[in-house]
Structures are given as C-alpha cells and as structure tokens.
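See structure below.
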Amino acid sequence: MIPCDARNAKPRGVSRSPSPQVCSGSVLALALAIGLSACPSGGFPEKGDCGRGEEECLAGDREGTRSAPAAADLPAPQAAPPALHPTAPPVRPGVEVLLSDSLHLVAGKGVGLVTNHTGVDHRGVSTIDRLAATPGLRLVALFSPEHGIQGREEAGVKVAGGVDARTGIPVHSLYGDTRKPTPAMLQGVEVLLFDIQDVGARYYTYVSTMALAMEAAGEAGIPFVVLDRPNPLGGAAVQGNVLDPAFASFVGMYPVPMRHGMTPGELARLYVGEFGLRVDLHVVPMEGWRRDMLFGDTGLPWIPPSPNMPSVESAFHYPGTCLFEGTPLSVGRGTGLAFQVVGAPWLDGEALARSVTAYGIPGVRVEAVAFTPRSPGDGKFDGREVRGVRLTVTDPASYDPTWMGLALLVEARRLAGGRWSWQASHFDRLAGTDRLRLGIEAGLGVEGLRGGWEEQLDRFRRLREPYLLYP
C-alpha cells in the first residue's frame with residue numbers, strides 16, 4: 001500500500017489562447033487524446049484506499065461512526081465501490097507524462113504549482129518533490145486550495161500561506177484573503193501548473209480554484225498547464241441538474257451538471273472553449289485512463305482529498321448528499337462515513353430508509369443507522385447520537401446519486417415536519433438554482449423536481465464532446 005502522506009506531514013505550500021493544447025510526446029498519450037484505446041495490461045485491486053494509513057494521515061479528522069440501530073459498531077467504511085474492470089491497464093497521471101516526455105513545457109522556466117497533498121505520482125511521491133528535483137526548471141511558487149496544501153483544514157476555514165519546510169518555496173493560499181492568484185504572487189512565475197485530485201462533482205471547489213488560477217494566468221500572459229488526473233467516478237455518467245448561471249458561486253462557477261463525468265484537464269478545455277476563459281492552456285493527459293474506469297481500476301493510491309472525503313464510496317454519494325449541507329441534517333462530518341450518511345437526532349431513520357428504498361433507485365442499498373459526530377466541521381450534533389440512513393453502492397454503473405439525493409430530501413423534509421429549516425442561500429448555491437428548494441416546499445415529488453433535467457443533460461453531453469480527451 002502506498003503511504004497516505006508521502007511527505008510525512010511536513011507543511012507544503014498557473015494563458016490566453018482559445019485553442020487549448022494536449023501536450024505529450026508519448027504515442028500512447030497522443031492516442032488517448034484523439035480517442036484511441038490502449039492495450040490492457042496488468043491487474044489491480046478493486047479498492048484504491050489508504051487503509052489504516054488514512055486515519056494516521058488525517059490525524060484524527062474522522063472519528064469513527066459509533067452505533068447501528070442495534071447498537072453494534074458500524075463496519076469499516078468501504079474505500080471504493082466495486083470496480084467495473086477487475087483488470088485494467090496501469091494509469092500514469094499527468095505529472096509522470098510531463099516529466100517523461102513533455103518537459104519542454106517547463107524547461108528553463110520559473111514554475112508555479114497549484115497543488116496539495118493529492119498531487120502525487122503512482123508511487124505516492126509528491127509532485128512538489130518531483131519538480132523540485134528535476135534539472136532544468138525552477139520551482140518558484142506553490143499555491144494551495146481550500147483545505148490547505150496538506151488537505152487538513154475543515155471546509156470553509158481560511159487557510160494561511162507560508163513556506164514549504166522541505167524546499168523553502170513560498171506557499172500562497174488561494175483560500176484565504178484571495179481565491180485568485182495576485183500579480184504579486186505570480187512574480188517570477190513563467191508557467192503555472194495545476195495538479196490536484198478532483199472528486200467529479202460540481203460543488204467540489206478544487207476546479208473553481210483551477211478556473212480562477214487560469215484566469216489570473218491569462219491576465220498575466222502566463223501559460224497554464226493542467227497535469228491531468230482521473231475522475232474517480234468515471235467519465236461516462238452525467239447526472240443531476242445543470243447550474244443556472246444566476247446562481248454561480250465558488251461551489252459552482254459554470255453551467256455544468258452536479259456529476260459532470262470530466263477530468264480536470266477536460267473541464268479546463270471546456271472553460272476555455274465555452275465559458276470565456278482566455279488563457280494559453282495546455283493539458284498533459286494521463287496514459288491508460290478510460291471513461292469507463294472508476295478510481296479502483298486505476299492502480300493509483302487513493303489519498304483523501306479533504307478531511308471529510310475519506311473514500312471513493314463517499315465521493316460516489318457526494319453529488320447527492322452534499323445538498324444536505326444546506327439543511328438541518330448532518331452528512332456525517334466528524335465520522336468515518338462522511339457523505340455516506342445523513343441524519344439528525346430527532347429523525348426516524350427506519351422510516352426514512354423504508355420510504356427511500358420504495359423509490360427503487362438502482363445500484364444502492366439504504367439502511368437505517370445511528371452515528372455520533374465528533375468535532376464535526378459543520379458543528380452539527382457534536383457528540384450526540386444521530387439517527388438516519390447509510391448509503392452503500394452496490395452497482396456503480398447504474399447508480400445515480402443525484403436521484404438518491406432528491407429522494408432523501410423529499411422524504412426527510414416530510415418526516416421532519418416543523419423541525420426542518422433551510423440555509424436557503426447556501427442550499428441554492430449548491431443546487432445551482434432555487435427551484436429545488438421551492439419545489440420541495442411546494443410539495444413536488446421527485447419526478448416533478450427532476451423535470452427538464454434530461455434535456456439539460458443531453459445539451460451538456462453535446463457541449464462537452466469536443467473537449468473530451470479519453471475513449
């Protein structure tokens with residue numbers, strides 16, 4: 001197993017052409033860029049987890065969920081849903097392709113790097129270390145997103161800048177006083193790189209950090225290079241609603257679906273091609289990745305990208321359960337099952353499980369559960385037993401977490417009665433519209449709430465097609 005924190009917890013600390021380029025001298029990477037498949041080779045475990053090392057890496061961020069309805073301990077969280085392909089070719093992330101055959105993008109230049117603890121090669125070695133040790137380039141600045149360069153800060157907590165202890169390179173926070181690199185931060189930067197693991201959902205802020213860094217690079221006349229990484233949910237399914245631009249925010253900047261099925265590099269190409277970002281964009285693609293792969297198929301180490309994204313299982317439910325952040329219910333922050341559970345001390349978990357199961361949503365099991373958050377970042381129900389439901393993916397290919405999210409919202413709202421309240425502006429930002437909240441309050445059912453979604457998704461599929469890099 002690759003160590004979860006290859007840097008031993010040491011502190012760590014981005015162009016204007018409308019025609020983004022796919023950069024690699026590798027025949028295989030070029031084949032992937034134009035849609036040819038690679039020959040499969042090798043087999044990989046079905047789970048891409050850090051095992052016990054996750055707990056050590058996050059230094060107690062996730063206290064375990066305590067009791068099930070029968071007061072028994074919950075089973076350990078599954079690190080990834082079952083893989084669709086038990087055997088799969090090895091996947092090389094963009095950083096490895098850059099260093100093996102695309103060094104011309106950075107050679108002789110002052111390099112800035114937007115990254116965090118998830119920026120690693122297939123052995124778990126930090127991209128910071130790989131670049132710092134590469135002759136012929138100068139790594140001059142690091143930029144950290146939400147949660148900080150080690151991914152330890154809770155959601156919404158401002159992150160300070162500093163200096164990387166191992167290299168002495170300054171670390172500029174893009175989740176503190178500014179979310180966009182300033183001209184002062186970009187002094188000496190001649191090319192800006194991005195290398196962070198995303199989770200495949202619109203709300204996750206790392207791709208918003210990427211977009212703002214692209215904007216700053218374009219304004220400064222600096223090339224921007226995305227070192228691509230897998231979408232852990234795969235690249236085939238596109239689900240949920242498409243954001244209404246009137247509700248654009250840092251948790252959803254552009255009109256994309258809740259589950260978009262794109263990699264960071266593909267999103268960057270879309271942003272340039274369709275949403276008006278002007279930057280000299282280059283994407284260094286992965287080798288070996290296919291759209292039908294889940295993270296467990298890649299052979300890459302799963303490193304929790306934030307304190308409450310402990311596993312790929314959590315990431316799979318996140319496009320649906322994240323909406324509960326704008327409600328009175330807990331999503332399991334402060335447990336090992338964040339975003340796999342929702343509940344409240346006063347909620348009837350058994351009734352919620354029965355009513356949601358009756359929808360017949362495929363690919364998922366719904367069970368009543370009890371859990372106890374410990375020092376949750378959202379402050380919900382610290383130290384109190386919470387009753388609700390736990391979701392477990394049984395068939396990733398058929399599961400739609402956004403459909404499940406709507407069913408849970410409708411049924412939890414019904415069961416909650418007068419105990420329900422909305423954090424209206426926050427919920428609407430996440431939902432990318434006020435129509436969901438208003439529709440639920442008006443008594444619309446799930447199908448009424450989903451009305452028009454498939455037409456939106458069809459339009460988005462056609463929109464994204466020219467920007468996809470992988471078969």
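The table below gives the values:
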| quantity | calculated |
| --- | --- |
| Total residues in region 244-263, condition surrounded by fewer than 24 Cβ atoms within 10 Å (Cβ to Cβ) and either among the acidic types (Asp, Glu) or touching a strand residue (DSSP E or B) at 6+ places or on another chain (Cβ under 9 Å) (or both) | 3 |
| Test: Ser375 is hydroxyl-bearing (Ser, Thr, Tyr), more than 27 Å from Asp297 (Cα to Cα) and crowded, with 24+ Cβ neighbours inside 10 Å | no |
| Some residue of region 223-235 being assigned to a helix (DSSP H, G or I) and either charged (D, E, K, R) or within 23 Å of Pro304 (Cα to Cα) (or both) | no |
| Selection within region 160-212 - small (Gly, Ala, Ser), buried (at least 21 other Cβ atoms within 10 Å of the Cβ) and more than 18 Å from Leu277 (Cα to Cα) | Ser173, Gly200, Ala201 |
| Those residues of region 382-402 which are surrounded by fewer than 21 Cβ atoms within 10 Å (Cβ to Cβ) and among the hydrophobic types (A, V, I, L, M, F, W, C), in sequence order | Ala397 |
| Within region 278-288, tally of residues that are in a loop (DSSP other than H, G, I, E, B), in contact with a strand residue (DSSP E or B) (Cβ under 9 Å, 6 or more places away or on another chain) and not β-branched (Val, Ile, Thr) | 4 |
| Ser421 being loosely packed, with under 14 Cβ neighbours inside 10 Å and part of a loop (DSSP other than H, G, I, E, B) | yes |
| Selection within region 240-266 - part of a helix (DSSP H, G or I), in contact with a Lys or Arg (Cβ under 9 Å, 6 or more places away or on another chain) and not aromatic (Phe, Trp, Tyr) | Pro264, Gly265, Glu266 |
| Pairs with Cβ under 7 Å, 6+ apart, first in region 408-429 and of a type in the set (D, E, K, R), second part of a helix (DSSP H, G or I) and at pLDDT 95 or above | Glu411/Leu352; Glu411/Ser355; Glu411/Val356; Arg413/Ile440; Asp428/Phe247; Asp428/Arg437; Arg429/Phe247 |
| Residue, modelled with the lowest pLDDT, within region 372-390, restricted to residues that are in contact with a Pro (Cβ under 8 Å, 6 or more places away or on another chain) and either assigned to a loop (DSSP other than H, G, I, E, B) or within 16 Å of Gly336 (Cβ to Cβ) (or both) | Gly377 |
| Any chance Val114 is among the aliphatic types (A, V, I, L, M), touching a Pro at 6+ places or on another chain (Cβ under 9 Å) and at pLDDT 50 or above | yes |
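The values are calculated or read from the model by the stated rules, or taken from the named source; none is laboratory data. If you're wondering where the values come from, they're calculated on a predicted model, not measured in any experiment. FYI the Cβ positions are ideal-geometry reconstructions off the backbone, even for glycines, and counts take in every protein chain you see.
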